[in-house]
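Nothing in this text is a laboratory measurement; each read-out follows from the coordinates by a stated rule. No experiment lies behind these values; they were computed from the predicted model shown. For neighbour counting, all protein chains shown are included, and Cβ atoms are generated from backbone atoms with ideal geometry for every residue, glycine included.
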Amino acid sequence: MRRKFPQLVCGLIGLLLFVVYFSRHPIASSINETVTREYWQIVFAFALLVGVVSFAKINLQGIERGEDRLYRIISLVGLISMPVLALIWGIGTGSPFMWVFDNVQVPMQSTVFALLAFFVASASLRGFRARSGPAFILLLAAMVALISRSDVGDLMSARFSDFAEWIRSNPSMSARRAILIGIGLGSLTTSLRVLLGLERTWLGKESK
Amino acid sequence: MDFGTLIAGILTLAIFTFLYRDNPIYRAAESLLIGVSIGYVLVITWTNTLMDLLFHPLFRRGDWPLVIPLLLGAMMFGRFYRRTGWLSRFPMAVLIGSGAGVAIPAMLDARTLRQISATVTPLFAGSAWADVSTIIVLAGVITTLSYFYFSREHRGALGFSSKTGTYFLMLFFGTTFGYTVMSRMSTFIGRVEFLLTDFLRLTG
């Protein structure tokens, strides 16, 4: 009952939305809109709340046990401060909430993103060895892309950027297209397995 | 220098200390970033989704069908207790079922049929170079797909095709890698520019 009924709901709503997709009737469009625009967003929002509560719970337990106490406290202070600021001063332009977003979150987020440049570059230094034909092609394609996006490419030849663009939009695009076709077929089979009740991992384990 | 720039500069430097090695300053900044980011998403979701799409229409306008997503959302909290954990399967059933139902036609259309139709284009419609490109793209798609065909051993013609597909895949990975590195580099240059110009006022 605790597994079969949710599975039935999953199959029925999936079938309903599958059928509705092919209909132009206003009721069909309304069902599609309501479920995919409103219900999804609302349920995802509640899932986020569950995640936030879980995050706070795990950190509080960690503080109690004395594991990384300082860092966990900092995380919780950050987490609590944002809703408190929003509650007192609102979230409009110029509010303390947006000040924290602009001067704390955005600079740190983009710096973490920029840090990846070093790690990707150092990983490539260690990993890029033209030991085989495919590895040589990988190295060559990466070099062409890197050079084409820097001034060196223009200094070498005016047509270098055109060549890099041709590689990107033809041979490279063909592999991307094949991967997309594979993803499409994979999603199709997984969706069918879900609707037919063959894929049940989302139900989790039976609690005792 | 205004206070916001000072804080942003200090936090940027704190994150950059990771380039030396993992250290307490970086971990403190990282913890702050995690907390603030979650807090920000929480506030935005509460305001834009729960208030605007659920609570205001439901309680102010009396849009009663919205009780359904409210109940489904409330069931999510069942996960916190072992006895009520199974209730969270219902919102999951709605999300996964509707996602699968929508995905079948949408994926078939966008990811498969459109990609195939973009691959098979007429020849002799433009220049000779355009025809060469079209043939390369067609060969690339077929050989790459054959690389992912695991129902038969990759020997003979299939072996040759899948081997050729590997070259196309490597070309794709290399190109993607190059452009990813350059995008990260431009972000890095932006951060360094901020530090030198706005924070330290050494340039500009």
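Miscellaneous remarks
- Computed helical MRE - 222 nm, the protein assembly as shown, DSSP H runs ≥ 4 contributing -39500 (n - 2.57), nearest 500: -23000 deg cm²/dmol
- Counting Cβ atoms of other protein chains within 10 Å of each Cβ in B:118-127 and taking the mean gives 1.
- Each principal axis of the stretch A:104-202 carries a Cα extent, and these read 59, 42, 28 Å when sorted largest first.
- Proxy reagent accessibility, fewest Cβ within 10 Å first, across A:ARG149, B:ARG111: A:ARG149, B:ARG111
- What you get for the protein assembly as shown, charging only the Cβ of Lys and Arg (+1) and of Asp and Glu (-1), is a dipole of about 1620 debye around the Cα centre.
- Helical segments meeting 20 Å axial Cα length and Kyte-Doolittle -1.0 threshold in chain A (DSSP H): A:4-21, A:40-65, A:69-89, A:106-127, A:133-148, A:171-195
- Cα-based Rg and Dmax for the stretch A:1-108, where Dmax is the largest Cα-Cα distance (Å): 21.0, 60
- Ordering A:LEU116, B:LEU145 by the number of other Cβ atoms within 10 Å of each residue's own Cβ, fewest first, gives A:LEU116, B:LEU145.
- As an equivalent ellipsoid, chain A spans semi-axes of 40, 34, 22 angstrom, where each value is the square root of five times an eigenvalue of the C-alpha gyration tensor, largest first.
- For the protein assembly as shown, the direction-averaged projected area of the alpha-carbon convex hull comes to 28.7 nm².
- Here chain A is treated with +1 on each Lys and Arg Cβ and -1 on each Asp and Glu Cβ, and its dipole about the Cα centre works out to around 920 debye.
- Shielding of B:159-171 by partner chains, average beta-carbon count, 10 Å: 5
- For chain B, hydrophobic long helices are taken as DSSP H runs at least 27 Å long by C-alpha position along their axis with mean Kyte-Doolittle hydropathy of 0.0 or more; these are B:24-45, B:128-147, B:156-193.
- Taking B:SER161, B:SER37, B:SER151 as the candidate residues, the one with maximal mean-square fluctuation in a Gaussian network model of chain B, Cα springs under 10 Å, is B:SER151.
- Temperature 10 °C, viscosity 1.306 mPa s: under these conditions the Stokes-Einstein estimate for chain B, based on its Kirkwood radius over C-alpha pairs, is 66 µm² per second.
- Remark on the stretch B:125-204: ratio of C-alpha radius of gyration to 2.2 N^0.38 Å is 1.87.
- Ordering of B:57-66, B:128-137 by burial proxy (mean other Cβ atoms within 10 Å per residue, highest first): B:128-137, B:57-66
- Farthest toward positive dipole pole in chain B [+1 Lys/Arg, -1 Asp/Glu at C-beta], among B:VAL67, B:PHE199, B:LEU87: B:LEU87
- Shielding score for A:135-145, defined as the mean number of other chain Cβ atoms within 10 Å: 6
- Charge dipole (debye, nearest 20) of chain B; +1 at Cβ of Lys and Arg, -1 at Cβ of Asp and Glu: 700 debye
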